[in-house]
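Student: One structure, as structure tokens, below. Some questions next.
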Protein chains: 2
Amino acid sequence: MNIDFIGSIVLSVKKVIQTMASIEVKRGKALKKTGTLAHGDVTGVIGMVAPNAIGSLAISFSESAVLEIMSAMLGEPFTELDKESADCVGEITNMVAGGAKKIMSEKGIEFGMATPVVITGKSHEILHEVTENDIAIPFKSQKGTFIVEISYKEI
Amino acid sequence: MNIDFIGSIVLSVKKVIQTMASIEVKRGKALKKTGTLAHGDVTGVIGMVAPNAIGSLAISFSESAVLEIMSAMLGEPFTELDKESADCVGEITNMVAGGAKKIMSEKGIEFGMATPVVITGKSHEILHEVTENDIAIPFKSQKGTFIVEISYKEI
């Protein structure tokens, strides 16, 4: 189920960015989180709760990735981070979790999603609760990078 | 129920800081979130999911508040933010949500908690999904400040 869950999020990330911004993104190799923290400029966080498992998803975008995605989505150039870009990252985070929820539901596994929270600030760091299931997956678009972090544990 | 939920979090914040660090904190006036964003140096975020409501809790500490709380908790002076302080904020966030969950459960309302995520980075900003129920409550300890942000909506 863990692999299904991670796979459903990866699929959902690609689909959301493709659908909303017509941008193809490439995923890199998944990394077990260790002492090294991911850095990003805008991060969306959403909690997920299933009857027998809990988790969190954080999507941490570089400034260049957010501006590329927003410019593509809205058809006009965006050159700096503002409230609108934070809202956009919140919406993407919500849609990625919602997409994963749909995929998991088709496999008979239901989970509830919390409300997304967005953090902005140059080069902040993200630290999930350290569990064996913490994983970070880097993605690349043409101009920027973003990292999807998943923390997950059975309860 | 919204007022109960916010009240349970406020009670839980005071109790957790009092119990873990023997520090009395004073709460300020709750503010409806508008365009202004809260700033913090270390923030813990946790999602909550009930059968008919979803929400998120973010607790955003100034560096001075985290160092004061850690020094008091562990009985030795802490002078800079590191992985240990991030873990401490994650644990506080988890305990605050757990305390609120217990209070609400005694009122017959059950909710599930996701895993906490911690964000560090000088003066980052927190933005919840904008709903009518977004609220920010400032707290003061002797040396520092922290802000508890609650986003909440019925589904």
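The values are calculated or read from the model by the stated rules, or taken from the named source; none is laboratory data. This structure is a prediction, so every number in the text was calculated from the model and none was measured. Glycine also receives a Cβ, built like all others from the backbone with ideal geometry; neighbour counts cover every protein chain displayed. These area figures cover heavy atoms from the full protein model, side chains too; ligands, DNA and RNA do not enter into them. Shrake-Rupley method; radii C 1.70, N 1.55, O 1.52, S 1.80 Å.
Student: Please go through (1) touching a Leu at 6+ places or on another chain (Cβ under 8 Å); (2) at pLDDT 90 or above; (3) not hydrophobic (A, V, I, L, M, F, W, C) for B:Gly144 and return the number of the only condition it doesn't satisfy.
Tutor: (2) is the only condition that B:Gly144 fails.
Student: Would you check which residues across the stretch B:98-122 are open to solvent by 40 Å² or more (accessible area, probe 1.4 Å) and touching a Phe, Trp or Tyr at 6+ places or on another chain (Cβ under 7 Å) and list them?
Tutor: Matches in the stretch B:98-122: B:Lys101 only.
Student: Mind listing just one residue for me: the one in the stretch A:98-119 that is of a type in the set (Val, Ile, Thr) and over 29 Å from B:Gly121 (Cα atoms) and, of those, farthest from the other protein chains (Cβ to nearest Cβ)?
Tutor: Among those that are of a type in the set (Val, Ile, Thr) and over 29 Å from B:Gly121 (Cα atoms), it is A:Ile103.
Student: If we scan the stretch B:50-59, do we find a residue that is assigned to a strand (DSSP E or B), within 10 Å of chain A (Cβ to nearest Cβ), of a type in the set (Val, Ile, Thr) and within 22 Å of A:Ala114 (Cβ to Cβ)?
Tutor: Checked the stretch B:50-59: at least one residue is assigned to a strand (DSSP E or B), within 10 Å of chain A (Cβ to nearest Cβ), of a type in the set (Val, Ile, Thr) and within 22 Å of A:Ala114 (Cβ to Cβ).
Student: Suppose the filter is open to solvent by 10 Å² or more (accessible area, probe 1.4 Å), away from every other protein chain (no Cβ under 14 Å), at pLDDT below 95 and farther than 25 Å from A:Pro51 by Cβ; does B:Gly35 pass it? If you could, list the steps in order and put the result at the bottom.
Tutor: Numbers: open to solvent by 10 Å² or more (accessible area, probe 1.4 Å): yes; away from every other protein chain (no Cβ under 14 Å): no; at pLDDT below 95: yes; farther than 25 Å from A:Pro51 by Cβ: yes.
It is false that B:Gly35 is open to solvent by 10 Å² or more (accessible area, probe 1.4 Å), away from every other protein chain (no Cβ under 14 Å), at pLDDT below 95 and farther than 25 Å from A:Pro51 by Cβ.
Student: When you scan the stretch A:128-140, how many residues do you find that are modelled with pLDDT under 90 and within 14 Å of the chain's Cα centre (by Cα)?
Tutor: Final tally of qualifying residues: 4.
Student: Out of all the residues in the stretch A:71-97, which are surrounded by fewer than 24 Cβ atoms within 10 Å (Cβ to Cβ), at negative phi and more than 12 Å from every other protein chain (Cβ to nearest Cβ)?
Tutor: A:Ser71, A:Ala72, A:Met73, A:Leu74, A:Glu76, A:Pro77, A:Phe78, A:Thr79, A:Glu80, A:Met95
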